[in-house]
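The values are calculated or read from the model by the stated rules, or taken from the named source; none is laboratory data. All figures in this text were calculated on a predicted structure; none of them were measured in a lab. FYI the Cβ positions are ideal-geometry reconstructions off the backbone, even for glycines, and counts take in every protein chain you see.
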Amino acid sequence: MNLHLNQVTAVLLIDSDGNRLLAKYYQPAHQDPKNPNQFKHPFQSLKDQRSFENQVWDKTRRANGDILLYNNQLVLYKASIDLTFYVVGPEGENELMLLAVLNAFYDAVSLLLRHQVEKRAILENLDLVVLALDETIDNGIILEVDAVAIASRVSRPKPDAGVNLSEITLNEATIMQAFSTVRDKIGRQILS
């Protein structure tokens, strides 16, 4: 039985100046660990990665589409205010699955950042963005394409700082108890 898992080669976030905010490259899943040179990964060096990112950004920064075949790689992209999300996959990969990954990751980040998907918010919450990416893709294998599920696994729990002053209900009994406690303490200090 031949099981095909949908694969992603890379996920990139590039700002409007062409600078990398986030880049995660994955090794092919079918690579033999005993013979790693059997399948050469197209982006092994940082120089190869930067070159690919610059060329893809240059091709997509003025384009109106959402998919590009470049250098034997499918590149799906989605522009936001001052950055662009990219999902890169092998040439023969299912475009609809890659599009589902792109949309799920973008929407999860949007939910986590309260719909402020911009460079500053990404940089301030990079930990959440990376966790969302890890919940979406693991070693190049697509795990989840439901943005709400991704965001719910990543979202920070509400801090529990003990007593929340806005939730305290004051009534006559609590005020009288506080007054009585203060009166007793002052009385003891005067007598001592």
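Observations on the model:
One line per residue, one yes/no per condition, for (1) modelled with pLDDT of 75 or more; (2) over 21 Å from Leu126 (Cα atoms); (3) of a type in the set (A, V, I, L, M):
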residue	(1), (2), (3)
Pro33	no, yes, no
Gln44	yes, yes, no
Ser51	yes, yes, no
Lys59	yes, yes, no
Asp66	yes, yes, no
Ile81	yes, no, yes
Val88	yes, no, yes
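- Selection within the stretch 38-89 - without any contact (Cβ under 8 Å) to a residue 24 or more places away in the chain, in a strand (DSSP E or B) and within 24 Å of Glu118 (Cβ to Cβ): Leu68, Val75, Ala79
- Entry remark, the stretch 121-148: residues being under 10 Å from the mean Cα position of the chain (by Cα), surrounded by fewer than 20 Cβ atoms within 10 Å (Cβ to Cβ) and either of a type in the set (Gly, Ala, Ser) or part of a loop (DSSP other than H, G, I, E, B) (or both) number 1 in total.
- Leu98 being surrounded by 14 or more Cβ atoms within 10 Å (Cβ to Cβ), in a helix (DSSP H, G or I) and within 13 Å of the chain's Cα centre (by Cα): no
- Asn103 of a type in the set (S, T, N, Q) and over 13 Å from the mean Cα position of the chain (by Cα): no
- Selection within the stretch 106-116 - touching a residue at least 12 places away in the same chain (Cβ under 8 Å) and over 13 Å from Ala79 (Cα atoms): Ala108, Val109, Leu111, Leu112, Leu113
- Residue ID - nearest to Ala23 (Cα to Cα), chosen from residues in the stretch 60-89 that are among the basic types (Lys, Arg) and surrounded by 14 or more Cβ atoms within 10 Å (Cβ to Cβ): Lys78
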